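What follows draws every value from the coordinates through simple rules; no lab data is involved. A quick note: this is a predicted structure, and the numbers were derived from the prediction, not measured. A quick note on method: Cβ atoms are made from the backbone with ideal geometry, for glycine too, and the neighbour counts reach across all protein chains shown.
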Amino acid sequence: MAGFFARRTSWDLTTNRYTQGLDAHRRAGRELLDLTASNPTTVGLEYREDELLRALVNREALRYEPQPKGLLSAREAIAGYYAERGVEISPDNLILTTSTSEAYSFIFRLLCDPGDAVLVPTPSYPLFDFLAEIQDVKLVPYELVYDHGWQVEPTSLFAAVDRTLATGARCRAILVVHPNNPTGSFIQPRELQLLNDVCAANDAAVIADEVFLDYALTAQQPLTCAANNDALTFTLSGLSKISALPQMKVAWLAVNGPPAVKSAALSRLEVVADTYLSMSAPIQLAVPTLLQERHSMQAQLMQRIRGNLQELDSQLARQKLCHRLDIEGGWYAILRVPVTGSDEDLAVALLQEKGVLVQPGHFYDFAADGHLVLSLITPTDTFRSGIARLLEYVATIGR
């Protein structure tokens, strides 16, 4: 069968032990305490249903007026979102997409010829591998290291550039996730300047994924990379996380940087967007209302996140084998556990023995075993019981 398909899709689709165990657990109808929740529409939040549904019924949607960058009313609403953060962005510098995944594809197509490279942080979200392979782009990792908080390791970043150039490929961009998923770490101003300097030396761009930006646990509001003009910068976000509305398929990319290269990037991206015209009119017309929903949803989510974090810390304080790593924002916590085998072994055992579902660190390319990833938007009672069972089980294997 392989002869029918492109090499870029020749992934290993074998089901791993983790997924096999989860499928078997569910088929058996056993109790499951799921500490991996990522879908905000299924964790007991209260949506303004009538307002949201009314926003999707608009007579203007019956008239087709394609605009490659997206309807101006939607882009103006998004510009207003940034203005509330103290950053002025012209609607002309915004392009609507149906998802950040689509935004990545636009940017990869804009910047990269087949075989060109994009530098990506590790640990980080595994989706990037598939997005890059589909676009014939090579990913080269650079390290985030943990020392009383996560930070970019400069030597690793320079080495990633050198490895790229040694293969004859071009380094076209450096990707940052701000805050990172799952480490919850924000890019610091000195680190962004480092990335700008590397980009300037290599005619490369910064790609900043900011889907979790609004969920900061720090006292000071983090600055958006949409204010970065020292390098060509593409800032990605969307309503999946901002308004807890992943099903509405609203995202965007903002373009910043030196005027000449920014103008050229926007002109080319407009052609790419015009080729796809992927976002529907009803959704675009609803963007102002959907974006306004963020105030209610973020208040609920932050209360959930802070409450679960407090519960986690309270339970961790009563034992000595596990501890959590510092986080600055986002929806996830990383639990450091004793290494008695692989993270996948531990995750499968927790599922089989305690009915608790967690994500092993290797899903996110942690450099070593001993890391479990927990969702902080998990319903409170489930989170409390799941953590108790998890720590109880670790105590038995740590003796």
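What the table below lists for this structure:
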read-out: Relative exposure of 320, 262, 69, judged by other C-beta atoms within 10 Å (fewest first); value: 320, 262, 69
read-out: Inter-label distance, nm, simple model (7 Å from Cα along the C-beta direction), residue 318/residue 190; value: 4.0 nm
read-out: On Cα atoms only, tilt of 17-27 relative to the major axis of the chain in degrees; value: 80 degrees
read-out: Fraction of antiparallel bridges per DSSP, the stretch 62-292 only, in percent to nearest 5; value: 40 percent
read-out: The stretch 361-399 versus the stretch 154-177: alpha-carbon centroid distance in Å; value: 33 Å
read-out: Distance in nm between pseudo-label sites at residue 261 and residue 38 (7 Å out along the Cβ direction from Cα); value: 3.1 nm
read-out: Cleavage-rule hits (chymotrypsin sites (Phe, Trp or Tyr not before Pro)) in the stretch 204-272: DSSP loop, at most 10 neighbouring Cβ within 10 angstrom; value: none
read-out: Burial ordering of 186, 383, 158, fewest other beta-carbon atoms within 10 Å first; value: 158, 383, 186
read-out: Sorted largest first, extent of the chain alpha carbons per principal axis (Å); value: 63, 57, 53
read-out: For the chain, share of DSSP beta bridges that run antiparallel, in % to the nearest 5; value: 55 percent
read-out: Within the chain, helix-based [θ] at 222 nm, where runs of 4 or more DSSP H residues each add -39,500 (n - 2.57), nearest 500; value: -13000 deg cm²/dmol
read-out: Share, in percent, of DSSP beta bridges within the stretch 1-160 that are antiparallel, nearest 5; value: 35 percent
read-out: Sorted by Cβ neighbour density within 10 Å, fewest at the top, the residues 148, 371, 362; value: 148, 362, 371
